[in-house]
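*Asks:* First the structure, which I've put down as structure tokens, then a few questions once you've had a look.
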Amino acid sequence: MHVFLRLSRPQLLNSRAWSIAMKRKCLVDILPSDAPRKRAMTTTTTPAAAAAAAAPAAAPSIALSPPEKRLKTLLLDVARHIDSEWGDAKIKKEPVVLRWAGGWVRDRLLGLESHDIDTAINCMTGEDFSDRLRDYCAVPANRDRHGLGPRDLRHLHTVGRNPDKSKHLATTTTSLYGLDLDFVNLRKETYAADSRNPTMEFGTAEEDALRRDATINAMFYNLHTGQVEDFTSGLPDLAARLIRTPVDPLQTFRDDPLRVLRLVRFASRLDFTIDPDVGSVMSEPGVLASLRQKISRERVGVELEKMFKGNNPCQSLELIDRFGLYHAIFTNPNREDMPKPDVSNWRAAYQCLGFLERNRAPGSIFDRLVKDDETRAFAWALATLTPWEQLPDDVNPDPKKKPLLPLAAQAAREGFKAHNKLRDVVVAAHRNRSAIVALKEVVRTGQQPQVDDAAVFGMAIREWDGTAGTHWRLQVLFAILVDVEMRCSAAEGAAGPQRDDVLAKWQQFLDKLVELDMVEAPAVKCIVEGRVLAQLLGSKPGKWMNPALDIVIAWQLRNPGVADYAPAVEEVRARAQELGIVRRG
């Protein structure tokens, strides 16, 4: 049974999706205004290709870009070639039907560009089809017919099954006409009660649609008919800007709990609403327990990274907060005694970061502390960890060993497999926060003589940045967000005089760093080498050298642009006893 949705013109004209499409001049073919709003059901016993050809002409289609048109023509020729080979061999086979699936269909209906296309095949695996594609394109006449240059068909790569990481089916990837392609067969999934790894079988387009995470991701573009096929009410949900699951949401999330995070990501990326019935199930204790225990934390990290790098990470965190997902995500699932911070006021922190990002005028807090896309993603990752600052550190039972990782760093490393660079920033942000706040207070109170001593600020920043370059700016931003979370109510994180007062004091601190020209203090190089300093002092190199070089750098910060380092050496010499410098006899 094939199900097609007929959508009236007023339905889409009233939707934001239509307005976006109009603005981008990427138009969707819409049905006549008198088209019925209910689903039209047709039943057929013909082969798949004949059924596809019999699809109602009124179903919406998508205006393809030139590269997409070229790709469609090529793939249809390959499908016809495969059918002819089967016919010559007198093998009774179902005709090949190709569909573009999921996210590409959704984005193109919204008028958004999409360069990633999943191609679903009805009767052969993605690997088998790509092998035939390679053979077809190896024929010079075929390459000439489709204008394939040496760079148009890149290496075909098969990604094998990996059930342990929820990669349940082999797919083949390549690039054609500047578009990234995945080839995979239509399938249905059957989950056992005690396993999150499904049994995979070839399926129909409808069965494939029903196994997907959201109705708006379950539509197909049939290459043979040029029509959109909708088996799950994806089109009306797209028009209503609504996130729903194709089947019962509890079943959807039991099958794969990561879908909870995927729906959060799509809702924030597209500015859609999650259906209340779906949202209530996302908060079910059983779903949260499965998300915490059954999903690889690498997969969780991939979803979070896409949110942090997306267009609306603040909304992502708001949804995570609203649906009570925090403790299932930001935790160490392997540690039974992992504490749970109070997240009742977390909203103040992430809403504050959203406010700062929206108000990133030159010289603003966000402008001075977040310099590129990587640090922006890091900033949003740090915003997820502010609740942990209310809890005391773990104490290492062996005092001779180095301190245990801060709880925030444990939540980042084990909760979403933060890579080492981000983990180091989290550790530094936690351990330096009190020093950062103390120096901000020096500025607020105008404490003399420190407030006008460039070296006080420059040397502190150098220490925060460390030898690994742990982004002192992000550490300051973390201190700001924690300060707001601790001092402001959840509502005041987005707006309110209390938040504005807190931010004004931090703006004053940053302005002072600019006034003293200490923003780039970590990049200052010592004007005298250690061995030269040892010779000038008549001493052997030793433990004294690093603190002595710090004295030289502090002198440089107080005397910018001075090339003669003799006064700096004299300052070290005056403190020789304190430093333990012993002159050679």
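The values are calculated or read from the model by the stated rules, or taken from the named source; none is laboratory data. Treat the numbers as computed from the prediction; the structure is a model and nothing was measured. Cβ coordinates were reconstructed from backbone atoms using ideal geometry, including for glycine residues, and neighbour counts include every protein chain displayed.
*Asks:* Please tell me if F457 is in a helix (DSSP H, G or I) and under 21 Å from Q351 (Cβ atoms).
*Replies:* Working: in a helix (DSSP H, G or I): yes; under 21 Å from Q351 (Cβ atoms): no.
No: the conditions fail for F457.
*Asks:* Here's another thing I want to ask about it. For the subset of region 546-580 comprising residues that are β-branched (V, I, T) and within 12 Å of L536 (Cα to Cα), which member is surrounded by the fewest Cβ atoms within 10 Å (Cβ to Cβ)?
*Replies:* Filtering region 546-580 for residues that are β-branched (V, I, T) and within 12 Å of L536 (Cα to Cα), the one surrounded by the fewest Cβ atoms within 10 Å (Cβ to Cβ) comes out as V569.
*Asks:* Quick one: G458 ticks every box in (1) at pLDDT 95 or above; (2) more than 23 Å from the chain's Cα centre (by Cα); (3) surrounded by fewer than 24 Cβ atoms within 10 Å (Cβ to Cβ) except a single one, so which number is it?
*Replies:* Failing condition for G458: (3).
*Asks:* Take N396 and decide whether it is without any contact (Cβ under 8 Å) to a residue 40 or more places away in the chain and not in a helix (DSSP H, G or I).
*Replies:* When the stated conditions are applied, N396 passes them.
*Asks:* Kindly evaluate D248 against the criterion of being modelled with pLDDT of 95 or more, over 17 Å from P333 (Cα atoms) and either surrounded by fewer than 20 Cβ atoms within 10 Å (Cβ to Cβ) or acidic (D, E) (or both).
*Replies:* yes
*Asks:* Which residue out of L439, L422, L405 is assigned by TED's automatic domain parsing to the domain that holds D517, free of Cβ contacts under 8 Å to residues at least 60 places away in the same chain and assigned to a helix (DSSP H, G or I)?
*Replies:* L422
*Asks:* What's the number of the only condition in (1) more than 21 Å from the chain's Cα centre (by Cα); (2) under 25 Å from R358 (Cα atoms) that G286 fails to meet?
*Replies:* Failed condition: (2).
*Asks:* Please tell me if D180 is buried (at least 19 other Cβ atoms within 10 Å of the Cβ), modelled with pLDDT of 90 or more and not hydrophobic (A, V, I, L, M, F, W, C).
*Replies:* So D180 does not fit the description; no.
*Asks:* Confirm whether V514 is surrounded by 16 or more Cβ atoms within 10 Å (Cβ to Cβ) and either aliphatic (A, V, I, L, M) or part of a loop (DSSP other than H, G, I, E, B) (or both).
*Replies:* Working: surrounded by 16 or more Cβ atoms within 10 Å (Cβ to Cβ): no; either aliphatic (A, V, I, L, M) or part of a loop (DSSP other than H, G, I, E, B) (or both): yes.
For V514, the condition - surrounded by 16 or more Cβ atoms within 10 Å (Cβ to Cβ) and either aliphatic (A, V, I, L, M) or part of a loop (DSSP other than H, G, I, E, B) (or both) - is not met.
*Asks:* Would you tally the residues in region 114-123 being buried (at least 19 other Cβ atoms within 10 Å of the Cβ) and either touching a helix residue (DSSP H, G or I) at 6+ places or on another chain (Cβ under 6 Å) or of a type outside the set (G, A, S) (or both)?
*Replies:* Within region 114-123, the subset buried (at least 19 other Cβ atoms within 10 Å of the Cβ) is 117-123.
Of the ones still in play, those that are also either touching a helix residue (DSSP H, G or I) at 6+ places or on another chain (Cβ under 6 Å) or of a type outside the set (G, A, S) (or both) are 117-119, 121-123.
Of the residues in that region, 6 qualify.
*Asks:* Separate question: Restricted to region 116-147, and to residues that are within 31 Å of the chain's Cα centre (by Cα) and touching a residue at least 60 places away in the same chain (Cβ under 8 Å), which residue is nearest to A79 (Cα to Cα)?
*Replies:* Within region 116-147, the match that is nearest to A79 (Cα to Cα) is I121.
*Asks:* Can you tell me which condition D500 does not meet? The list is (1) assigned by TED's automatic domain parsing to the domain that holds L439; (2) in a helix (DSSP H, G or I); (3) modelled with pLDDT of 90 or more; (4) crowded, with 20+ Cβ neighbours inside 10 Å, and all the others hold.
*Replies:* Of everything listed in (1) assigned by TED's automatic domain parsing to the domain that holds L439; (2) in a helix (DSSP H, G or I); (3) modelled with pLDDT of 90 or more; (4) crowded, with 20+ Cβ neighbours inside 10 Å, D500 misses just condition (4).
*Asks:* Continuing with the same structure: So is D135 out of contact with any helix residue (DSSP H, G or I) (no Cβ under 8 Å at 6 or more places or on another chain), part of a helix (DSSP H, G or I) and at negative phi or not?
*Replies:* Numbers: out of contact with any helix residue (DSSP H, G or I) (no Cβ under 8 Å at 6 or more places or on another chain): yes; part of a helix (DSSP H, G or I): yes; at negative phi: yes.
So D135 passes the test.
*Asks:* If you don't mind, another one. Across region 534-585, what is the number of residues that are in a loop (DSSP other than H, G, I, E, B), among the small types (G, A, S) and over 52 Å from the mean Cα position of the chain (by Cα)?
*Replies:* 2
*Asks:* OK, next. So if I check each of D337, D342, which one is modelled with pLDDT of 95 or more, surrounded by fewer than 20 Cβ atoms within 10 Å (Cβ to Cβ), farther than 30 Å from G469 by Cα and of a type in the set (D, E, K, R)? Give the derivation first.
*Replies:* Working: D337 fails: modelled with pLDDT of 95 or more.
The match here is D342.
*Asks:* Additional query: State yes or no: is L481 crowded, with 21+ Cβ neighbours inside 10 Å and within 20 Å of P560 (Cα to Cα)?
*Replies:* No.
*Asks:* Would you be able to say whether some residue in region 570-585 is under 13 Å from E529 (Cα atoms) and of a type outside the set (K, R)? Can you show your working first?
*Replies:* Here is the first cut: in region 570-585, the ones under 13 Å from E529 (Cα atoms) are none.
No, the conditions are met nowhere in region 570-585.
*Asks:* Taking into account only those residues within region 251-270 that are β-branched (V, I, T) and in contact (Cβ under 8 Å) with a residue 40 or more places away in the chain, which is surrounded by the fewest Cβ atoms within 10 Å (Cβ to Cβ)?
*Replies:* Applying the filter and picking the extreme gives V264.
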